[in-house]
Amino acid sequence: METKQEIEKQKQYIEKVKQINKGSNLKYYILTMGCQLNENDSEKLCGIVEQMGYEQIDNYQEADLVLFNTCCVRENAEDKLFGKLGELKRIKEKRGTIIAIGGCMMQEQHITDKIHESYPYTDIIFGTHTLHKFPEDLYKTLESKKKMQDVIDIEGEVYEGLPIKRMSNIKASVTIMYGCNNFCTYCIVPYVRGRERSRHPKDILEEVEQLAKEGYKEITLLGQNVNSYLRSEQWKENGTEYKGINSFATLLRAINEIEGIERIRFISPHPKDFTDDVIEAIAESEKVCKLIHLPLQSGSTNVLKTMNRKYTKEQYLELVEKMKKRIPNLTLSTDIIVGFAGETEEDFEDTLEVVKQVCFEQVYMFIYSRRVGTPGDKMTNQIPEDIKHKRFDRLKELVESQIADNNQKYVKTIQKVLVEGPSKNNSELLTGRTESNKVVIFEGEPQLKDKIIDIEIVSEHMWYLKGKHIN
Ligand code: SF4
């Protein structure tokens, strides 16, 4: 069935469920695990269930519908889900709560088997390729009281036009592609999110133009591997690319032209696909924030090889040099995995050396977690947990010492800050973020919220900067 027809069909199911729920004042609770792509999927789930008449609440014990949007990148996500499911048994017996579980974990057979065995009271299981069918699955559950399992293991289509409830009124995430073709040996994503599929540039531009009309200032483009956007397929209208968009670089330039949008971010690129046209597009697009996330994973060429990352330590450092030369005020963040199979002390020293050399603005550090179904999990030379933790602590110590130095360079500078609202720790103060995503705390009038203003940085603290509003 055509994707447009499929969405129309699901909209009819939304109406049917709405009729069933009419006047019942039903509540839903959603728990999202994992990455920004999952958060964006949850915004669509929220949009769908709210159109079906449910209202969001924060307490799952009082909800009529409990939704879990799962992640399977790290082990602790499984423990979290099973813990919650255990607690829900008693609540379901008392309230008849409908339990629905979606997201990457549901693409793993051993997990859905465990749910059937240990938590048979779960009503709906849906996968990463069938989120759009949630209205139909819920309708069938409500009508037939039957358990629904809607998981397909082939990559699905790209479905446009799903309702969405955005978590912010000033910053929005826009998914530009799904899936990944890279098969890094530690990563489960290609097995649960499928092969790369890019959205039509027309749909992406229309979404961003609509967001600009609604007053959104900051857009984050999402994909497992954004800089391979449109590499595996070309959307052509009557043989011509849509508005000349045929790559990630041309998409960035097109979004940079959209009035009203003031900041463009993107996550996550792959160093091997950071081509010159992308670097040029970043340098020449004033709205593209000059904080670039460039996942390193390891600083050792040996480990990068066993990880199947397709670049070496030297190539990564050359890319960083090229980017620093071409992009003014560039700051970099990265991901690092400590303790991957076969990582020697020398390999780890290489990682520390790259961190010292690049001096990242932010480092997301992870201890390698074996994932069932990945080549990494089958490797024999696994690193003992105590060594992994010792290395993690050494990396953390280095990174934190660099953050203090990095923060120092902000003092006495003027930064453009997008004001998010009252500070969580002190409601007398306002908080916002610089272009390089630094948190800034300052005094100011509440009506500054959602504006981009100039702040003079007066002092630095490990996790935030203190500032003074200057106009
Ligand atoms: S690029 Fe590698 S780490 Fe990233 S999603 Fe793809 S396989 Fe996973």
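Within region 138-152, the presence of at least one residue that is touching a His at 6+ places or on another chain (Cβ under 6 Å) and either within 16 Å of the ligand (Cβ to nearest atom) or assigned to a loop (DSSP other than H, G, I, E, B) (or both) is confirmed.
Among the residues of region 165-181, those that are surrounded by 18 or more Cβ atoms within 10 Å (Cβ to Cβ) and either within 16 Å of the ligand (Cβ to nearest atom) or β-branched (Val, Ile, Thr) (or both) comprise 170, 174, 175, 176, 177, 178, 179, 180. Looking across region 183-201 at every residue that is surrounded by fewer than 20 Cβ atoms within 10 Å (Cβ to Cβ) and part of a loop (DSSP other than H, G, I, E, B), the one that is farthest from the ligand (Cβ to nearest atom) is identified as 200.
Pick out the one residue from 188, 170, 152 that is aliphatic (A, V, I, L, M) and in contact with a strand residue (DSSP E or B) (Cβ under 9 Å, 6 or more places away or on another chain).
Testing whether each residue is aliphatic (A, V, I, L, M) and in contact with a strand residue (DSSP E or B) (Cβ under 9 Å, 6 or more places away or on another chain) leaves just 170.
If we scan region 281-288, do we find a residue that is at pLDDT 95 or above, open to solvent by less than 10 Å² (accessible area, probe 1.4 Å), part of a helix (DSSP H, G or I) and more than 16 Å from the ligand (Cβ to nearest atom)? Looking through region 281-288, at least one residue is at pLDDT 95 or above, open to solvent by less than 10 Å² (accessible area, probe 1.4 Å), part of a helix (DSSP H, G or I) and more than 16 Å from the ligand (Cβ to nearest atom).
Do we have any residue at all in region 324-334 that's open to solvent by less than 10 Å² (accessible area, probe 1.4 Å), within 16 Å of the ligand (Cβ to nearest atom) and touching a residue at least 24 places away in the same chain (Cβ under 8 Å)? Yes, region 324-334 contains at least one residue that is open to solvent by less than 10 Å² (accessible area, probe 1.4 Å), within 16 Å of the ligand (Cβ to nearest atom) and touching a residue at least 24 places away in the same chain (Cβ under 8 Å). From the list 206, 218, 196, the lone residue that is free of Cβ contacts under 8 Å to residues at least 12 places away in the same chain and among the charged types (D, E, K, R) is 206.
Scoring residue 156 on the criteria (1) part of a loop (DSSP other than H, G, I, E, B); (2) over 30 Å from residue 343 (Cα atoms); (3) open to solvent by 20 Å² or more (accessible area, probe 1.4 Å) leaves a single failure, condition (3). Looking across region 292-314 at every residue that is touching a Lys or Arg at 6+ places or on another chain (Cβ under 8 Å) and either assigned to a helix (DSSP H, G or I) or over 24 Å from residue 375 (Cβ atoms) (or both), the one that is most open to solvent (accessible area, probe 1.4 Å) is identified as 301. Just one residue in the set 458, 419 is modelled with pLDDT of 95 or more, surrounded by 17 or more Cβ atoms within 10 Å (Cβ to Cβ) and touching a Lys or Arg at 6+ places or on another chain (Cβ under 8 Å); that residue is 419. When region 211-246 is examined, which residues are found to be modelled with pLDDT under 95, away from the ligand (no atom under 16 Å from the Cβ) and either part of a loop (DSSP other than H, G, I, E, B) or surrounded by 21 or more Cβ atoms within 10 Å (Cβ to Cβ) (or both)? Correct list: 230, 233, 234, 235, 238, 239, 245, 246. Filtering region 263-280 down to residues that are buried (at least 19 other Cβ atoms within 10 Å of the Cβ) and in contact with a Phe, Trp or Tyr (Cβ under 7 Å, 6 or more places away or on another chain), which residue is farthest from residue 330 (Cα to Cα)? For region 263-280, the residue satisfying everything is 271.
The values are calculated or read from the model by the stated rules, or taken from the named source; none is laboratory data. Bear in mind the structure is a predicted one, so any value in this text is a computation, not a measurement. FYI the Cβ positions are ideal-geometry reconstructions off the backbone, even for glycines, and counts take in every protein chain you see. Side chains included, ligands, DNA and RNA excluded: accessible areas come from the protein's heavy atoms. Shrake-Rupley method; radii C 1.70, N 1.55, O 1.52, S 1.80 Å.
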